[in-house]
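A short write-up of the structure that comes next.
What follows draws every value from the coordinates through simple rules; no lab data is involved. Keep in mind that this is a model prediction, so the values were computed, not measured. Note that we place each Cβ from the backbone using ideal geometry, even for glycine, and neighbour counts take in every protein chain shown.
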């Protein structure tokens, strides 16, 4: 069996994504997660580039890894500088990392136009740096920057750089599609030629500017590459790097290449979400394999097929990568969508045809009024429960009132100050008792939330854990101006899981109230089941 090694560069290349700034602790947490997952090489950063990377290497070397080897990244010596005096080379050695990846130019136009040195000097820079680091006991990889563009411009020179690196002792030659514009057949052809020209392992480092980084990586492996570089979730500069969360299952599940331990594959989704959480980025729901929507089914035909055969509309079992299928319900749904979604929450509708038809018609009616349930599963789950015989709602709304008032404070020397005050009065029946409460808030929805909680908390203290993560309003009929139907989507959490609820009305307060009430009722139903 072909052996392929994984090289993760999330902590360096991934950190170059706009909006990401890892702390030293963040980098250590991710490194340990990658090590536990079974990645063979973890690139920690560029020693000497900033104090944060220097501190990371100091702490990481003392932390100890079970599987992975720590890699320091840096450039070859500068043109005209003796390698033993080069500041960057010294920083790589001082990092203490057992593996060093050197980035070196392998494109003649890049050497002449960017480095502004001779082609021969560039080769000397690559070879001298590798030999020196090898003499200090380091394992050395070469990231052949701009290789594929250089290969198109001057194939002989690009391969000459690689041959010189191999002769100097590089233990892997990593071909980089730095600008991310190559096509899979171009990648495969170049990799095959390099594999034939050198006697050391060849790797691939692809960027995603043409949305082909994963495809190019797979093409390179099929052509003989045995080291794969990439990042978790495809994070990286510009359009990102090759996404290891797509590459790993492709290699492991589809190509039979044993890149990680069998038990790790089922934790892939967890790894992807862990890294996005540490990066303080919302997980992309549409990522293949690990996205929340990767195995989501909406069309009635698809759901019907899946109810008969797991692989009717899924290319793998979602559980194999730690994900799960989801059934959406909308006006496009059929009865099977209703039955399948109800089954997922523990309600058996399979022998209740009239109720299913009634619920389906109810969904279509509500969606015609502006509701949308495919992104508000908690509200749909409540429809299912409410359609079940014997369901008793944990509370019942009698009425509510909201007052919004603008108040003028006494003027100051600077200016007069006006403020908005919102107060809500809520009357609900809880366990047979009518609760009449009032509360002020930062806006009418916040006031409603506070008043409703005041009424419910004595009976349902678990609601104290619930908070609103997000509140979205969408105008559905712009042509009618301020009288338009609006849809409100609320995301709630109890600190353990998140859920979404929806409300729709021509009255923004009513739409907000409907979504708000569903969110609290769902929490109580969830805790019951």
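Details
- Interatomic Cα distance distribution for the chain, bins of 20 angstrom, percent: 19, 40, 28, 13, 0
- FRET efficiency for residue 343 and residue 431, using Cβ-Cβ distance with R0 set to 35 Å, rounded to 0.05: 0.70
- Region 51-110, relative contact order [Cα under 8 Å, separation at least 6], %: 40 percent
- Global form of region 5-278, assessed from the alpha-carbon gyration tensor, a/c cut-off 1.5: oblate
- The angle separating the long axis of helix 353-368 from the principal Cα axis of greatest extent in the chain is about 80 degrees.
- Taking 14 Å as the cut-off, the amide N atoms of region 255-275 that come nearer than this to a point 7 Å along the Cα-to-beta-carbon line of residue 310 belong to 266.
- Axis angle, to the nearest 10 degrees, between helix 213-222 and the longest C-alpha principal axis of the chain: 50 degrees.
- Were the residues from residue 365 through residue 386 laid out at 0.36 nm apart, the gain over their Cα-Cα distance would be 6.0 nm.
- Counted over the chain, the DSSP beta bridges are approximately 50% antiparallel.
- When you count the other C-beta atoms within 10 angstrom of each residue and take the mean per peptide, 167-173, 81-87 line up highest first as 167-173, 81-87.
- Spacing of the modelled spin labels on residue 25 and residue 496, each 7 Å from Cα toward Cβ, amounts to 2.6 nm.
- Chain lengthening between residue 467 and residue 211 when straightened (0.36 nm per residue, less Cα-Cα): 88.4 nm
- Peptide packing: for 385-394, 47-56, 256-265, 102-111, the average count of neighbouring Cβ atoms within 10 Å per residue gives the ranking 102-111, 47-56, 256-265, 385-394, highest mean first.
- Annotation for region 42-57 versus region 486-529: alpha-carbon center distance of 44 Å.
- For the chain, averaging the sequence separation of C-alpha pairs within contact (under 8 Å, six or more residues apart) and dividing by the residue count gives a relative contact order of 9 percent.
- Nearest-ten-degree value, helix 119-135 long axis tilted from longest Cα axis of the chain: 80 degrees
- Percent RCO, i.e. relative contact order, over region 51-163, from Cα pairs under 8 Å lying at least 6 residues apart: 28 percent
- Computed label-point distance, nm, for sites residue 474 and residue 526 using a 7 Å Cα→Cβ extension: 2.1 nm
- Based on DSSP H segments of at least four residues, each scored -39500 (n - 2.57), the chain has a per-residue ellipticity at 222 nm of -11500 deg cm²/dmol.
- If R0 is taken as 25 Å, the Cβ-Cβ distance between residue 355 and residue 393 corresponds to a FRET efficiency of 0.90.
- The spacing between region 99-122 and region 242-270, judged by their C-alpha centroids, is 34 Å.
- Projecting label points 7 angstrom from Cα along Cα→Cβ for residue 121 and residue 280 puts them 4.2 nm apart.
- FRET efficiency, 1/(1 + (r/R0)^6) with R0 25 Å, evaluated for residue 79 and residue 50 via beta carbons: 0.60
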